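Every number here is computed from the coordinates shown, using simple stated rules; none is lab data. All values reported here derive from a predicted model rather than from experimental measurement. When we count neighbours, we look across all protein chains shown, and the Cβ atoms used for this are built from the backbone with ideal geometry, even at glycine.
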Amino acid sequence: MLSFLGNLSRPFFFAMDPEQAHGASLKALKLMPPVDLAVKDKRLATSAMGLSFPNPLGLAPGFDKGGEVPDAILRLGFGFVECGTITPLPQPGNPRSRVFRLTKDEAVINRLGFNSEGAQVAHARFAARRGRPGILGINIGANKEAPDRTADYVQCIRIFADVATYFTVNVSSPNTPGLRDLQQASVLDDLLARVLATRDELVATHGRKPVALKIAPDLALEDLDDIVQVARNRGIDALIISNTTITRPATLQDPGAAEAGGLSGRPLFPLSTRMLAHAYQRIEGQFPLIGAGGIESASTALAKIEAGATLLQLYSAMVYRGPGLANEILRGLLAEMEKRNLTSLDSLRGTKAAEWAKG
């Protein structure tokens, strides 16, 4: 039914500017009856970061940037939702137009630049839903003009510690000048040290909140080595691979590919999955990986797991496949498990990491 409604409404949304369509999608979810459409099956249950997920598929940040509809998203069938990126202070982001559909490629380019209503507005929304079920991740970032960007991440940890289930430290968006420099080993080590120390200070009052790190897919393997070493030394709870890419695969057909910004969707899948596999080979089981980038079906979700992912995230495919995509993917995963006589997805994790890493 959701897939049918998605196909029916697609011409309406595609007639709008992408940001207008996004706003209309949020309004539609606010009006959606509170009916739980989730696929409930114990075989999909997944443990990671000390948390128990009803299924491994989450909605990535970018859709619900300010925490407007997390509960409606969870009712669509997602096992968790990550809101953000949220910055301490409100900021408009980059000038419009800044989001572009590459319809021929089922991809999106964005150069939003952390447009955010600010932490206080988002916190008020999260506080209003306190006590409701569901895993809520909060993706945090730094203001563009912040004199000390690490201090912005620390401030967000303090503000959201009472409402977040987990945090994601976003140092990999290509749309804030200089942000990806925070992935450099010495800078990243200091950032994680301060973020994790702040998290630990708040355990007595708010409980231990896992902290994940989200990285770019465009890293050289030497840089990935450094990031993994820092992440292992500091004891992060998960690594998310990956954010959008600034590269433009030769396979792109849509003329919109010439726009600047981060590319997501189907063309990101090979690059992000190879990086995921390389990371899996390096972490040696020290923490879980969250696979993001180009997931659009049960087969692509399964490929992420085989490359090393414990949890999964998608967003851009929702633009093209509609609100029924989570259910479609989860039912496809269950069908594959039945075919292979599996009672969980754990036995598939990393089984094809070596193949993916070889490209």
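Scanning region 28-46 for residues that are surrounded by 12 or more Cβ atoms within 10 Å (Cβ to Cβ) and not acidic (Asp, Glu) yields Ala28, Leu29, Met32, Leu37, Ala38, Val39, Arg43, Leu44, Ala45, Thr46.
Evaluate region 197-214: report whether one residue or more is buried (at least 21 other Cβ atoms within 10 Å of the Cβ), closer than 19 Å to Ala48 by Cβ and of a type in the set (Gly, Ala, Ser). Yes, that holds for at least one residue. Is there a residue being farther than 17 Å from Met275 by Cβ, in contact (Cβ under 8 Å) with a residue 24 or more places away in the chain and acidic (Asp, Glu) anywhere in region 181-197? Yes; the residues of region 181-197 include at least one that is farther than 17 Å from Met275 by Cβ, in contact (Cβ under 8 Å) with a residue 24 or more places away in the chain and acidic (Asp, Glu).
Within region 229-242, identify whether any single residue is in a helix (DSSP H, G or I), of a type in the set (Val, Ile, Thr) and within 20 Å of the chain's Cα centre (by Cα), and answer yes or no. No, there is no match, as no residue in region 229-242 is in a helix (DSSP H, G or I), of a type in the set (Val, Ile, Thr) and within 20 Å of the chain's Cα centre (by Cα).
Looking at Asn115, Asn139, just one residue is surrounded by fewer than 21 Cβ atoms within 10 Å (Cβ to Cβ) and either in contact with a Gly (Cβ under 7 Å, 6 or more places away or on another chain) or under 21 Å from Gly262 (Cβ atoms) (or both), and that residue is Asn115. Among the criteria (1) surrounded by fewer than 24 Cβ atoms within 10 Å (Cβ to Cβ); (2) within 25 Å of Gly77 (Cα to Cα); (3) of a type outside the set (Ser, Thr, Tyr); (4) touching a helix residue (DSSP H, G or I) at 6+ places or on another chain (Cβ under 7 Å), the one Asp190 does not fulfil is (2). Of all the criteria given as (1) in a helix (DSSP H, G or I); (2) closer than 25 Å to Val108 by Cβ, the one not satisfied by Asp200 is (2). Out of curiosity, is Leu271 in contact (Cβ under 8 Å) with a residue 40 or more places away in the chain and closer than 29 Å to Asp346 by Cβ? Yes: the conditions hold for Leu271.
Screening region 83-115 for residues that are under 23 Å from Leu268 (Cβ atoms) and among the polar types (S, T, N, Q) and picking the one that is nearest to the chain's Cα centre (by Cα) gives Thr85. For region 149-171, a residue qualifies if it is of a type in the set (S, T, N, Q), touching a Leu at 6+ places or on another chain (Cβ under 8 Å) and surrounded by fewer than 23 Cβ atoms within 10 Å (Cβ to Cβ), and the qualifying residues are Thr150, Thr165.
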